[in-house]
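A.B. asks: Take a look at the following structure, please.
Derivation of every value follows stated rules applied to the coordinates shown; laboratory data play no part. Being a predicted model, the structure only gives us computed values, none of them experimental. Cβ placement follows ideal geometry from the backbone for every residue including glycine, while neighbour counts extend to all protein chains displayed.
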């Protein structure tokens with residue numbers, strides 16, 4: 001029986017033509033779709049309103065243009081109504097169009113713009129003729145064709161603008177996520193070695209403290225090396241992560257480390273992960289550790305006019321410390337600007353013998369989870 005099975009396998013292998021290898025053909029992976037802008041947002045509606053009003057105004061000012069203020073007002077009203085209709089349609093149909101492969105989502109948007117404008121122009125001509133309003137064009141068919149051509153050209157320009165902005169935002173999101181990955185992968189060796197030495201020293205004299213230190217280390221490593229790709233957490237999560245870090249450092253520095261904290265914001269406030277902990281780590285490393293008598297680290301979160309302020313400050317060292325790379329502070333600046341826009345600020349500098357890092361987050365801004 002075994003000999004027969006072996007014979008069939010050899011015969012089947014020999015039956016294949018020599019020099020030809022049969023390899024399964026893998027189906028080509030579908031090309032990912034280009035991300036569409038958020039058509040449900042007010043900036044998109046505003047852009048359509050402005051483009052429509054500018055187009056009507058330029059046509060009114062063009063040489064040889066006919067018609068008075070009555071026709072101009074009717075045209076502005078028509079384009080404004082059309083802009084709102086297009087915004088609603090694009091907002092509702094965006095999920096379906098986004099599922100199309102490649103650049104087809106933008107092609108579908110362009111076709112929808114031209115089609116809706118043609119339908120609306122035809123409807124306006126029919127209503128004007130039936131009701132004898134006297135506000136429509138003398139040749140409705142020509143008006144519809146011109147409206148569709150103008151929409152096609154302007155729509156292509158607008159979609160090209162949205163596409164370029166979307167690609168820029170995607171690159172910014174990728175760079176921001178790469179910086180988060182680099183920050184998460186960067187574990188200071190001296191902090192790890194000092195923590196391990198602290199655990200080794202506590203095992204014999206205070207096993208409970210040693211166990212808490214190991215648990216705090218586990219939480220820090222979970223946050224720094226975890227596989228959670230969502231870069232948005234809450235202020236409460238950041239406070240708890242800082243607590244774990246301070247518990248470890250307090251065992252090593254003892255009375256030399258004093259922390260004053262003031263939290264006047266809800267813990268549910270969205271906040272990018274690992275935003276404050278690196279600042280606290282820098283404050284202890286550069287402001288407390290070099291001083292013989294230590295010092296006080298201040299951490300506060302409060303409301304200020306127009307937004308929120310997060311602040312970390314520490315005493316300046318007795319002697320000027322060697323300049324660092326500035327990677328942590330630069331990373332915080334770029335991530336704050338990415339998540340909260342250009343109105344956000346990160347100010348750092350010496351103030352009355354202390355080094356202060358203040359983060360201003362605009363009140364209207366919300367950390368965006370889709371930008372990693």
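A.B. asks: Highest mean first, what order results for 95-101, 141-147, 273-279 on Cβ atoms within 10 Å? Before the final figure, lay out the partial values.
C.D. replies: Numbers: 95-101: 12.4, 141-147: 15.6, 273-279: 22.0.
Highest-to-lowest ranking by the protection proxy: 273-279, 141-147, 95-101.
A.B. asks: Order these by the 10 Å Cβ neighbour count, fewest first: 243, 264. Walk me through the intermediate numbers first.
C.D. replies: On the way: 243 13, 264 10.
Taking fewest neighbouring Cβ atoms as first place, the list is 264, 243.
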